[in-house]
Amino acid sequence: MLIHADNSITNIDFEFTTVTHAIQDLGFGIACCGQSQDNKRAFIKGYLQELGEETSDADVESLWVEAELAQLGRWNVRALQI
């Protein structure tokens, strides 16, 4: 919680704040895409593009599978897809 000079308050939620592997963030990112395969594909492709990596269908599919598998260790991810 931050208390500002004007006595207003800002709450900060650190629930998902941690230092971990990028694949954990990618797994959470595609979970936020819900059931949309197009959104998931676009998210992964955009991630690869920003890194300057190859974005062939095979490259996207490979990372997408890894991101889906990364979700298995998260207890709350399916709640986002309802």
Given 15 as the ceiling on other Cβ atoms within 10 Å, longest exposed-site-free region of the chain for GluC sites (Glu not before Pro) in DSSP loops: 16-52
So what is the diffusion coefficient of the chain in µm² per second by Stokes-Einstein at 10 °C and 1.306 mPa s, using a Kirkwood Rh over Cα pairs? 110
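Values quoted throughout were computed directly from the atomic coordinates according to the rules given, and no laboratory measurement underlies them. All of these numbers come straight from a predicted model, not from anything done at the bench. Heads up, the Cβs are rebuilt from the backbone with ideal geometry, glycines too, and the neighbour counts pull from every protein chain shown.
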